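Remarks on the structure that follows.
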Amino acid sequence: MYIPGCDNESKLLRKTLMQNCNLMAVLVFRSISESVRSRLKSLEDVVNAGFMTYAEMETYKAVQSDVNLYWLPGLWFSHRLREAQARGRIIDSYGAQLIMKELLEFRSKCGILWSYDWVSIPLVYTQVVTLSTYSFVIACIFGRQCIDNGSKDISIDAYFPLWTVLQILFYMGLLKVAEHMINPYGEDDEDFDLSYLLNRHSKVINLGTSILTSDRCPPMEDACLQIAAGTGIQTHKTAERISLENRFTQRLTELYSTGKEENHQTRKPEENLSTISLNVDLHTVSPLRMSPVDVKQSSGDSAWSHDGVFMERI
C-alpha cells in the first residue's frame, strides 16, 4: 500500500524488506530452537534454504561481535526504507512512519523470545519439583496400604485406592506439562513447529510481493455484484422471509397510493395574499366580479363593499 508500483524495482524492494524481517526471525529461532538449529547449522545452510543471500551472509560475517546479531537485518531494513523514501518510492511520509513502527514491534517480539531463552528457569527448581513428585508417589504406594494389625485371620482385601490414583495422575500430569513448557521449541509433537512456520513465511512473502500485486486485481463489475447480492444462500426460512418482505412492501405501497389519492381529492383551496388579508372564508364568499372602472372608482376610498360583504382595501 505504501510502496506502490508493479515494476521490477518496486517488487524487489517490497520482497527484500519482508525477507529482512523473516531473516530476523530465522536468526532468533536458530538460537532458541533445537529443531531449527539442527536443520540450519551454519549460515551457508541459511543461504541454501533461501532465507539469506550470499551478500547478506558476507556482511553478517564481517561484523565481529560476541553478542547475538539477530537484529542486524532490521538495520538493513531501515537503511533500505530510508533510501526508498529519498528516491520517492514511498508516496506518503506517514506510511514510512507506520512501516518503521511495525518493524520496531516485530523486533521487540523477537527480543522477548531471545530473552526468555537467555534467562532460563534455574535447574534446581525443576529438580526439586521432579524429586518431590516421585517421592510422593512412592510414599503413597507404601503408606496407603491395608494393615492387618496382628490379626491371624486371613481376609481378602478388595480395597481400591481411587483417590490416591487420582492424586498421582494429577501430579504426574502437571509435572509433564511443566517439563514441556520449559522448552516449547523442541522436537516433540506438542512443541511449536518453527520450521514449518519459517517456510510458510517465505511462501507468503513471495506470493504477496511478487504475484498478488495491484496489476492482478480483477475488474469491478456492478452487474455481477448486484446479481450476487440478490441471490445469496437460499434456504426454506430465507424464502419465507423474502416472501413476507415482498407482501409487506406491496401492501405498504398500496396503502401509500390510496392515502395519496384521498388527500388529493380532499385538498383545500389554496390561500393567497388577498384571502389572508380579507380574513374571510373561501367556501362562503362568492367570487368578486368587478370591472376595471369599478376598481378605479373605488381606489380613492379606504373601504368598499360588494355583494353585502364589507371588505378593506389591500
| request: Just need a number here: residues in the stretch 19-55 that are in contact with a Phe, Trp or Tyr (Cβ under 9 Å, 6 or more places away or on another chain) and under 23 Å from residue 211 (Cβ atoms). | output: 8
| Does residue 127 count as in a helix (DSSP H, G or I) and under 28 Å from the mean Cα position of the chain (by Cα)? | no
| said: If residue 70 meets every condition in (1) surrounded by 18 or more Cβ atoms within 10 Å (Cβ to Cβ); (2) out of contact with any Gly (no Cβ under 9 Å at 6 or more places or on another chain); (3) among the aromatic types (Phe, Trp, Tyr) apart from one, which number is that one? | reply: (2)
| Is there any pair with a first residue in the stretch 231-246 that is among the charged types (D, E, K, R) and modelled with pLDDT of 75 or more and a second that is surrounded by fewer than 10 Cβ atoms within 10 Å (Cβ to Cβ) and not in a helix (DSSP H, G or I) whose Cβ atoms are under 8 Å apart and which are 6 or more apart or on different chains, and what are they? | none
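Would you pick out the residues in the stretch 1-58 that are of a type in the set (S, T, N, Q) and surrounded by 13 or more Cβ atoms within 10 Å (Cβ to Cβ)?
First, pick out the residues of the stretch 1-58 that are of a type in the set (S, T, N, Q): 8, 10, 16, 19-20, 22, 31, 33, 35, 38, 42, 48, 53.
Listed by number, the residues that qualify are 10, 16, 19, 20, 22, 31, 33, 35, 53.
Yes/no per residue for (1) touching a Lys or Arg at 6+ places or on another chain (Cβ under 8 Å); (2) acidic (Asp, Glu); (3) within 22 Å of residue 47 (Cβ to Cβ); (4) assigned to a loop (DSSP other than H, G, I, E, B):
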residue	(1), (2), (3), (4)
165	no, no, no, no
174	no, no, no, no
195	yes, no, yes, no
207	no, no, yes, no
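Restricting attention to the stretch 130-150, which residues are hydrophobic (A, V, I, L, M, F, W, C), assigned to a helix (DSSP H, G or I) and surrounded by fewer than 11 Cβ atoms within 10 Å (Cβ to Cβ)? Talk me through it step by step, then tell me what you get.
In the first step, residues of the stretch 130-150 are kept if they are hydrophobic (A, V, I, L, M, F, W, C); the result is 131, 136-142, 146-147.
Keeping just the survivors that are assigned to a helix (DSSP H, G or I) gives 131, 136-142.
Hits for the stretch 130-150 are 131, 138, 139, 142.
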| note | The residue that is modelled with the lowest pLDDT, considering only those in the stretch 206-226 that are exposed (fewer than 10 other Cβ atoms within 10 Å of the Cβ) and of a type in the set (A, V, I, L, M), is 223
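The values are calculated or read from the model by the stated rules, or taken from the named source; none is laboratory data. None of the values given here were measured: they were computed from a predicted structure. So basically every Cβ, Gly included, is an ideal-geometry build from the backbone, and we count neighbours across all protein chains shown.
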